[in-house]
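Okay, so here's the structure we're looking at.
The values are calculated or read from the model by the stated rules, or taken from the named source; none is laboratory data. Bear in mind that the values here come from a model prediction, so they are computed numbers and not experimental data. Reconstructed Cβ throughout: ideal geometry from the backbone, glycine too, with neighbour counts over all protein chains shown.
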Amino acid sequence: MDCRDFDEKISLYIDNQLDNIEKKEFELHLLECDECRKEYDEMIKILKFTGETEEEELPENYKLSLRSKLEKEKKKEKSKVLNWRVLSTVAAALFVVVVSYGFIINNFGINNINQQSMDDAAPEIGKDYSGDVGNSQEQMNKSMKFTAKAKDSQNMTLTSDKDLANGEFTESLRNGDLSIENAGKKIIKSGQINLESTEFDVTYDSIINNVKNNNGYIESSGTSFYGHIKADDGEQLRSGNVFLRVPEEKFYSTLDFIKSLGEVKSQQLNERDISESYLDTENYIKNLEVQEKRLREILEKANNVDEILRVENELRRVRTEIDNNNQTLKNWDSLVNYSSITVNILEVKDENQVIKLDDEGLLLKGKKGFISTINKLINFVENTLVFLMTIAPVLIIIAIILILALIFIRRHLKQKQ
Amino acid sequence: MADNERKLIKKCAKGDLDAFEDLISKYEKKAYNIALKILKNPEDAMDISQEAFIKVYKSIKKFKFQSSFSTWLYRIVTNTCMDFLRKNKLQVYSLDNPIKTDDGEIEREVKDNSNSTEEMYEKKMTKELVHQSIDKLDEIHRVAIILRDIEGFSYQEISEILGCTMGTVKSRISRARSSLKEIILEEMEQNDISIV
Ligand SMILES: [Zn+2]
């Protein structure tokens with residue numbers, strides 16, 4: 001086991017998470033290496049201090065205020081249940097009305113003109129409000145897609161223009177004639193995408209699979225719940241984040257792939273040219289190595305202990321400096337060769353894709369539809385009035401049913417209380 | 001899971017608030033302390049941990065008895081805290097400032113003192129420093145340290161609380177500790193303190 005290995009395993013050793021062989025190797029190195037023993041001791045001390053945290057007492061009013069919050073919550077829940085009961089009873093009553101309405105039309109053959117104009121009005125209403133009527137469903141879908149597209153393009157322009165422009169520029173550089181000039185350059189690419197997805201798991205898994213297929217790796221990832229519990233199935237919405245690394249040449253294709261998985265809310269691209277710093281560091285290391293060589297020569301010629309110690313000290317310092325800078329270069333290499341992408345995924349409900357009138361043409365269409373619907377609605381009301389008067393006798397029966405339903409509801413409420 | 005707890009949970013599912021109070025009384029303090037360490041502020045810790053308990057109450061019907069109730073509860077607490085942090089990211093950053101100037105001044109006084117008190121004093125300093133440094137960790141690493149080294153959860157429990165694999169837990173704790181150590185050593189160098 002070398003020192004680096006040791007360093008990585010300290011934490012696991014402390015918690016007894018190593019297998020027997022690793023443990024033996026670890027302990028062996030602990031005995032052999034002074035540096036690592038120091039590291040180990042430091043860690044033990046830090047964790048000892050960490051563990052010595054005193055537990056804070058609960059604030060005095062904690063339980064009381066929690067209780068009152070809970071009671072409020074309970075009341076809310078109860079009224080919700082009650083509301084549901086009332087609503088469902090009313091819905092049942094309405095259903096009775098509608099069914100008898102249809103029954104009347106079919107069996108009593110109310111005058112033809114009325115029926116026709118009503119049929120005419122119905123799909124129009126359907127188109128704008130419920131979308132249940134065949135033909136209008138299609139139109140609805142169309143306009144939905146349309147808004148989605150419009151949103152998309154809006155997003156593209158919204159996201160940090162400078163970064164994007166920069167990204168596109170270098171991309172064209174890569175593909176164009178100038179790519180030779182770029183060849184020796186050290187550029188760290190990174191990106192961030194915020195996505196909304198209705199199929200959280202699919203999106204999450206696709207990203208992870210794609211990264212694996214592209215010889216990349218996931219540095220960290222996690223999911224958590226956010227917001228309120230979904231009313232329908234009790235499941236909570238999730239948010240996830242993936243911090244991934246892909247080979248530099250797969251950066252843009254991976255970005256495109258991820259963007260295709262959901263609705264892009266925002267994105268950021270960043271390209272940092274570290275060529276100069278890289279070169280500086282390389283030169284610095286070369287200088288240090290020259291210095292090291294010189295120090296060794298001096299060490300050979302040194303004649304007293306004091307001198308030897310001093311030179312050795314200096315030598316150690318130079319060596320550490322070299323190691324540190326080499327490590328920096330290594331890190332840079334990894335950053336350059338493997339671009340990083342942060343993806344934040346937010347699970348959203350399907351219903352969130354409500355139609356938004358953010359397109360002018362759509363607005364106009366909507367307006368027209370609105371006016372024509374209003375006209376038809378007026379027509380419809382007129383016709384309905386005529387119709388209602390015609391069927392007044394039947395209405396009386398319906399009224400009786402409604403009253404009965406109301407009495408039922410009231411009795412139910414009383415029972416509850 | 002204790003039979004008693006199972007019974008209490010079933011009562012809570014029917015909306016029994018007394019049973020709920022009974023059920024969580026064992027976990028309240030720890031939940032509050034976890035929130036306090038993550039959020040670094042008593043008011044938020046109280047609000048958010050209570051919000052978490054309300055979530056627990058509302059969703060207790062969905063508790064499946066497959067995992068332990070306590071890890072399920074702490075999972076909700078941790079998630080609620082993390083969500084809160086995410087929503088208030090900017091504000092939290094501004095709270096992050098350590099009190100560096102104070103350290104410097106106290107340190108000067110220490111040098112006049114006799115050896116034994118100096119030792120004691122520095123020891124206290126180091127402990128304080130460790131906790132200040134924990135506050136400086138980024139949230140994912142901070143949570144790992146809080147759960148493992150302050151609250152003493154096992155690796156298995158942490159993987160349930162955070163909803164990630166054992167492998168992730170291992171590497172996260174390991175990385176969290178390394179970066180904690182880095183921060184501490186840096187701070188000590190700046191303030192000329194040594195480990196006691
Ligand atoms: Zn070593």
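List, please: which pairs have Cβ atoms under 8 Å, are six or more places apart or on different chains, and start with a residue in the range A:210-226 that is in the same structural domain as A:Ile345 (by TED's automatic domain parsing) and end with one that is surrounded by fewer than 17 Cβ atoms within 10 Å (Cβ to Cβ) and modelled with pLDDT under 85? As it stands, the answer is A:Phe225/A:Leu237; A:Tyr226/A:Leu237, since those pairs meet every condition given.
Does A:Val86 fit the bill of being away from the ligand (no atom under 16 Å from the Cβ), modelled with pLDDT under 90, of a type in the set (Val, Ile, Thr) and more than 20 Å from A:Val394 (Cα to Cα)? So A:Val86 passes the test. Is it the case, given these coordinates, that A:Glu42 is within 16 Å of the ligand (Cβ to nearest atom) and either under 16 Å from B:Ser133 (Cα atoms) or acidic (Asp, Glu) (or both)? Considered against the rule, which asks whether it is within 16 Å of the ligand (Cβ to nearest atom) and either under 16 Å from B:Ser133 (Cα atoms) or acidic (Asp, Glu) (or both), A:Glu42 comes out as yes.
Of all residues being at pLDDT 80 or above and farther than 19 Å from A:Leu195 by Cβ in the range A:214-235, which is nearest to the other protein chains (Cβ to nearest Cβ)? Just the residue, please. Out of the qualifying residues, it is A:Tyr217. Among residues of the range A:36-50 that are at the interface with chain B (Cβ under 8 Å from one of its Cβ atoms), those with a Cβ under 6 angstrom from a residue that is within 13 Å of the ligand (Cβ to nearest atom) and at pLDDT 90 or above, sequence gap 6+ or separate chain, pair up as A:Met43/A:Ile10. One residue stands out in the range B:45-59 among those that are touching a Leu at 6+ places or on another chain (Cβ under 8 Å) and free of Cβ contacts under 8 Å to residues at least 24 places away in the same chain: the one that is farthest from the other protein chains (Cβ to nearest Cβ), namely B:Ala45.
Would you mind finding the one in A:Leu66, A:Leu18, A:Leu70, A:Leu12 that is aliphatic (A, V, I, L, M) and either in a loop (DSSP other than H, G, I, E, B) or over 34 Å from the mean Cα position of the chain (by Cα) (or both)? So the residue among A:Leu66, A:Leu18, A:Leu70, A:Leu12 that is aliphatic (A, V, I, L, M) and either in a loop (DSSP other than H, G, I, E, B) or over 34 Å from the mean Cα position of the chain (by Cα) (or both) is A:Leu18. Restricting attention to the range A:18-73, the residues that are over 29 Å from B:Tyr57 (Cα atoms) and charged (D, E, K, R) total 17.
For beta carbons closer than 7 Å, sequence separation of 6+ or different chains, a first residue in the range B:28-39 that is in contact (Cβ under 8 Å) with a residue 40 or more places away in the chain and buried (at least 20 other Cβ atoms within 10 Å of the Cβ) and a second that is assigned to a helix (DSSP H, G or I) and among the aromatic types (Phe, Trp, Tyr), the qualifying pairs are B:Ala31/B:Tyr74; B:Ile34/B:Tyr74; B:Leu39/B:Phe84. Within the range A:3-23, the set of residues being among the aromatic types (Phe, Trp, Tyr) and closer than 19 Å to B:Val169 by Cβ comprises A:Tyr13 only. Being more than 24 Å from A:Ser334 (Cα to Cα), buried (at least 16 other Cβ atoms within 10 Å of the Cβ) and modelled with pLDDT of 85 or more is a condition met by no residue of the range A:169-189. Just one of the listed residues (A:Glu60, A:Glu73) is at the interface with another protein chain (Cβ under 10 Å from one of its Cβ atoms) and over 30 Å from A:Ile396 (Cβ atoms), namely A:Glu73.
Does A:Leu66 satisfy the condition of being modelled with pLDDT of 85 or more, within 16 Å of the ligand (Cβ to nearest atom) and among the aliphatic types (A, V, I, L, M)? Answer is no for this residue. Applying the criterion of being farther than 15 Å from B:Ala31 by Cβ and under 16 Å from the mean Cα position of the chain (by Cα) to the residues of the range B:150-159, the residue that is nearest to the other protein chains (Cβ to nearest Cβ) is B:Tyr155. Inside the range B:181-194, residues that are within 11 Å of chain A (Cβ to nearest Cβ) and either over 19 Å from B:Glu139 (Cα atoms) or out of contact with any Asp or Glu (no Cβ under 9 Å at 6 or more places or on another chain) (or both) make up a count of 5.
Residue-by-condition table, conditions (1) at pLDDT 85 or above; (2) over 30 Å from A:Glu271 (Cα atoms); (3) not acidic (Asp, Glu):
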| residue | (1), (2), (3) |
| --- | --- |
| A:Thr320 | yes, yes, yes |
| A:Trp332 | yes, no, yes |
| A:Asp358 | no, yes, no |
| A:Leu362 | no, yes, yes |
| A:Gly369 | no, yes, yes |
| A:Asn375 | no, yes, yes |
| A:Ile400 | yes, yes, yes |
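Within the range B:124-146, the only residue that satisfies the criterion of being outside any helix (DSSP H, G or I) and crowded, with 17+ Cβ neighbours inside 10 Å is B:Leu137. Among the conditions (1) modelled with pLDDT under 90; (2) touching a helix residue (DSSP H, G or I) at 6+ places or on another chain (Cβ under 8 Å); (3) exposed (fewer than 14 other Cβ atoms within 10 Å of the Cβ), B:Glu189 misses just one, which is (2). A:Lys24 falls short of the stated requirement of being within 13 Å of the ligand (Cβ to nearest atom) and either over 22 Å from B:Lys136 (Cα atoms) or out of contact with any helix residue (DSSP H, G or I) (no Cβ under 9 Å at 6 or more places or on another chain) (or both). Restricting the search to helices (runs of 4 or more DSSP H) fully inside the range B:11-69 and requiring at least 3 residues that are over 15 Å from A:Leu64 (Cα atoms) gives B:28-39, B:42-59. Looking only at residues in the range A:1-21 that are within 14 Å of another protein chain (Cβ to nearest Cβ), aliphatic (A, V, I, L, M) and touching a residue at least 12 places away in the same chain (Cβ under 8 Å), the one that is nearest to the ligand (Cβ to nearest atom) is A:Ile10.
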